[in-house]
Structure formats: structure tokens, C-alpha cells
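S.K.: Would you mind keeping the following structure in view while I ask a few things?
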Amino acid sequence: MAREFELCPGRRVGGDQPCFIIAEIGQNHQGDLDIAKRMIRMAKDCGADCAKFQKSELEYKFNKKALERPYTSKHSWGKTYGEHKRHLEFSHDQYRELKKYAEEIGIFFTASGMDEMAVEFLHELDVPFFKVGSGDTNNFPYLEKTAKKGRPMVISSGMQSMNTMHQVYQIVKPLNPNFCFLQCTSAYPLQPEDVNLRVISAYQSAFPDIPIGYSGHETGIAISVAAVAMGAKVLERHVTLDKTWKGSDHQASLEPNELAELVKAIRTVEKAMGSPIKQLLPCEMACNEKLGKSVVAKVAIPEGSILTLDMLTVKVGEPKGFPPESIFDLVGQKVKKNIEEDETITEQVVENHVKKVKC
């Protein structure tokens, strides 16, 4: 089983720990600080463990031509991509205000550092862990510098290959043992046939000493619940207050009622995973007493008879007798009193019966 580590103060992930649920606000706040706070509150109220944003230092994430590129999408907040991104980017002081607000209401706060300078700021901000977005997972210098900061890391794997993820593991592991991988497909919204939940199992086999999670961009909650049932120990989903708002991520995000239902469903599934030991449970005793079957006499059996299979059948009997799985063990045994047709076969009528202990 993947080892545990402390992702946030007092909150461990991996092993038998409950799934850590990240509400990815990203830039769905529309560049509005009050909306951002409402979204943090929503994440808290819906039961998420963490509210997460995306922090960029734009001149370090994009080159000049990328920032100057015309951006005419219906989702655009400016004439160029740079103007669009600047509208959605909070300042350092605003991030400090948001982190303080999250602490006041009792939810963990972090952000994806979308470039090396953003990571420097988030380190200064003292976030509990770094989220590495899929776009930087193959950015090996970035990974090295981030890992050396010593904070736990959650690393998404969208757009990457298994070979790349092995390289990521080999880079990060010696520098910082406290990290996990998230299966992710970078499409918005994500179609079910492109989710590939089986990659979770492949990661669990390839990297057995780290927790594995899932970052989903699909619509609805069913796939994310299935990911947790497969063993995802960290789950990230984009959230929004309104899917109809301007912005390319809103359609692939969960509204408050969906997020609340997701959290509820995950906690239910975690309870249902239970124990791998199969046995008769106390909650089944009433049903077993009412409907559990016993071995009964198919015909009248005289005292001294040696039991044969054609003398026996299985029915719901009163009183209870030998359980059905014992019918073959009874063959060849001697009865010490007369047994009427349709009578339950009990321990008292079988000579020298030694009760077998179930393992």
C-alpha cells in the first residue's frame, strides 16, 4: 500500500487515510476578489479539504509574443492574451488576503505555481503544499527547484507519457519523498472515453511507494467517485458558482450542489470499501436467522443409518441445523436416532459429530 505523508498540517494522505478533496477554483473567480472569497466559502461549506487557485508571474510563464497574441475568443477578458491573463491574475497582496480568509474559515489554501517565480512567491506565502499543473510536469528544471523547497507536492500528469512520469519520479524522489501523482487528461470538458481510469492502477503498480490520485475535467461526479473506489487518495475537481459564466473552465467545473454531492458520495464510498475479509457480519444475522437454509431429511431416516446424499436436501428449516455447505461432510456419517422426513438434521442426531471451526 502506498505510504502516507502529511500533505497539510494534521492531514495525511495515502494508506488508509480518507481521500483529500481539492476544490480547484483556478481562475473561475473572473478576476474578482469577492467572488474568489465566495468560492472559498463554497468549497468549505461543501466539505472540500482545500481551495486551490492558479498563480502566474506572467512574464515568466509566457514570452512576449504569446502575451501579445490577439485573443478573440468569447471567453476573452482582453484584446490580447496578455490582457486576458492580467485581468484574471491576483496580486501578491490579494493572495495574502485570500489565504488569510481561508484560514479564518478553516479550509486549506494553496495554488498551482505556473512558473518558477510563482513557486517562489507561494513558498514565501507558506502554502502547505505545491500543486504542479500538467503543463509543468515535464519541465524538469522547474520540478527540481520546486522539490528542493521541501514542501509536499501534488503532481498532475495530463499530456504526459508513462516514460515521462518515470523520469519525474526519478527526479523528485531523491529530493523530496513527500509527493503524489494524479492521473489527468488535459481536455475541457473531458469525454468519458478519454478519462482512462485504469492509469490509476498502472501508477499504483509502477509507483507503489507514493499515493496516487485523480484530477478530473469531466462533467458530473460519477467518474470521480469511481476514481476514489479505485484507490485515488487525492482528488481535484474544478469548481464554479455558475457554469454559464465566461471562461473556458466553467463548463468542466462543478457547481456547489454537485461539489457537495461529490464529497458526500466519496465519503459514502470510503465507508463502503470496508474490509477485505469476507465473513458473516452482525448486520446479516437477522436475515440469516430468517432465510438461512439448513440440511433437512429428504426421506425418513431410521436410527443407525449411514447418511447418503440422496437422503438429504436443503431448505429453510426450523430449528436451524447443519448449514448447506456441510451437506457433503454429512455423507457417510451415522445417525443415532430416527429422523422424520422433512426434519432438520442437527448435531444431536449425528453420531460422534465434531463441529468444524470456520477459518
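S.K.: Could you check segment 34-69 and list, in sequence order, the residues that are surrounded by fewer than 22 Cβ atoms within 10 Å (Cβ to Cβ) and in a strand (DSSP E or B)?
M.R.: Q54
S.K.: Given (1) open to solvent by 50 Å² or more (accessible area, probe 1.4 Å); (2) in the same structural domain as A227 (by the TED database); (3) β-branched (V, I, T), where does V331 come up short, assuming only one miss?
M.R.: (2)
S.K.: How do the pairs read when you match residues in segment 271-292 that are closer than 18 Å to F322 by Cα with residues anywhere that are open to solvent by less than 100 Å² (accessible area, probe 1.4 Å) and not in a loop (DSSP other than H, G, I, E, B), using Cβ under 8 Å and keeping only pairs 6 or more apart or on different chains?
M.R.: Filtered contacts from segment 271-292: L280/N288.
S.K.: List the residue pairs whose Cβ atoms are under 9 Å apart, where the first residue sits in segment 164-176 and is at pLDDT below 95, the second is in a helix (DSSP H, G or I) and of a type in the set (K, R), and the two are 6 or more positions apart or on different chains.
M.R.: So the pair list comes out empty.
S.K.: Continuing with this model, one more query. Can A232 be described as within 19 Å of I155 (Cα to Cα) and without any contact (Cβ under 8 Å) to a residue 60 or more places away in the chain?
M.R.: No, not satisfied.
S.K.: Going residue by residue through segment 90-99, is there one that turns out to be assigned to a loop (DSSP other than H, G, I, E, B), among the acidic types (D, E) and touching a Leu at 6+ places or on another chain (Cβ under 9 Å)?
M.R.: no
S.K.: Please find, within segment 248-277, the residue that is modelled with the lowest pLDDT out of those that are more than 17 Å from A51 (Cβ to Cβ) and in a loop (DSSP other than H, G, I, E, B).
M.R.: Checking each candidate, the answer is S248.
S.K.: Take segment 296-322 and flag every residue that is surrounded by 15 or more Cβ atoms within 10 Å (Cβ to Cβ), in a loop (DSSP other than H, G, I, E, B) and within 46 Å of the chain's Cα centre (by Cα).
M.R.: Of everything in segment 296-322, those that are surrounded by 15 or more Cβ atoms within 10 Å (Cβ to Cβ), in a loop (DSSP other than H, G, I, E, B) and within 46 Å of the chain's Cα centre (by Cα) turn out to be G317, G321, F322.
S.K.: Oh, and also: Would you mind stating whether Y101 is touching a Phe, Trp or Tyr at 6+ places or on another chain (Cβ under 7 Å) and assigned by the TED database to the domain that holds H238?
M.R.: no
S.K.: Being surrounded by 23 or more Cβ atoms within 10 Å (Cβ to Cβ), in contact with a helix residue (DSSP H, G or I) (Cβ under 6 Å, 6 or more places away or on another chain), of a type outside the set (A, V, I, L, M, F, W, C) and in the same structural domain as T244 (by the TED database) narrows it down to one of G113, G82, G78, G31, so name that one.
M.R.: Sole residue among the options that is surrounded by 23 or more Cβ atoms within 10 Å (Cβ to Cβ), in contact with a helix residue (DSSP H, G or I) (Cβ under 6 Å, 6 or more places away or on another chain), of a type outside the set (A, V, I, L, M, F, W, C) and in the same structural domain as T244 (by the TED database): G113.
S.K.: So E97 clears everything in (1) more than 23 Å from T146 (Cα to Cα); (2) touching a helix residue (DSSP H, G or I) at 6+ places or on another chain (Cβ under 6 Å); (3) open to solvent by 50 Å² or more (accessible area, probe 1.4 Å) except one condition, right? Which one?
M.R.: So E97 meets the others, but not (2).
S.K.: If you go through segment 216-247, how many residues are in a loop (DSSP other than H, G, I, E, B) and open to solvent by less than 10 Å² (accessible area, probe 1.4 Å)?
M.R.: Qualifying residue count, segment 216-247: 3.
S.K.: Follow-up question, since we're still on this one. Somewhere in segment 183-195, is a residue in the same structural domain as S224 (by the TED database), in contact with a Cys (Cβ under 6 Å, 6 or more places away or on another chain) and of a type in the set (A, V, I, L, M, F, W, C)?
M.R.: No, the conditions are met nowhere in segment 183-195.
S.K.: Is one or more of the residues making up segment 142-151 open to solvent by less than 10 Å² (accessible area, probe 1.4 Å), assigned to a loop (DSSP other than H, G, I, E, B) and more than 22 Å from D34 (Cβ to Cβ)?
M.R.: no
S.K.: Of the numbered conditions (1) touching a residue at least 60 places away in the same chain (Cβ under 8 Å); (2) in contact with a helix residue (DSSP H, G or I) (Cβ under 6 Å, 6 or more places away or on another chain); (3) of a type outside the set (F, W, Y), K264 satisfies every one except a single condition; which is it?
M.R.: Only one criterion in (1) touching a residue at least 60 places away in the same chain (Cβ under 8 Å); (2) in contact with a helix residue (DSSP H, G or I) (Cβ under 6 Å, 6 or more places away or on another chain); (3) of a type outside the set (F, W, Y) is unmet by K264, namely (2).
S.K.: If you don't mind, another one. Out of the residues in segment 193-206 that are of a type in the set (A, V, I, L, M) and assigned to a loop (DSSP other than H, G, I, E, B), state the one that is surrounded by the fewest Cβ atoms within 10 Å (Cβ to Cβ).
M.R.: The residue in question is L197.
S.K.: Considering only residues that are assigned to a loop (DSSP other than H, G, I, E, B) and of a type in the set (A, V, I, L, M, F, W, C), look in segment 164-192 and name the one that is most open to solvent (accessible area, probe 1.4 Å).
M.R.: Start the filter on segment 164-192 by keeping residues that are assigned to a loop (DSSP other than H, G, I, E, B), which leaves 173-178, 185-189, 191.
Retained after the next criterion (residues that are of a type in the set (A, V, I, L, M, F, W, C)): 175, 187.
On the way: L175: 73, A187: 35 Å².
Residue satisfying both the conditions and the ranking: L175.
S.K.: Determine whether E289 is more than 30 Å from A222 (Cβ to Cβ) and assigned to a loop (DSSP other than H, G, I, E, B).
M.R.: Answer is no for this residue.
The values are calculated or read from the model by the stated rules, or taken from the named source; none is laboratory data. Predicted model only: the values in this text are computed from it and were never measured. We place every Cβ from the backbone using ideal geometry, glycine too, and count neighbours over all the protein chains shown. Just the protein is used for accessible areas: all its heavy atoms, side chains included, with ligands, DNA and RNA removed. Shrake-Rupley method; radii C 1.70, N 1.55, O 1.52, S 1.80 Å.
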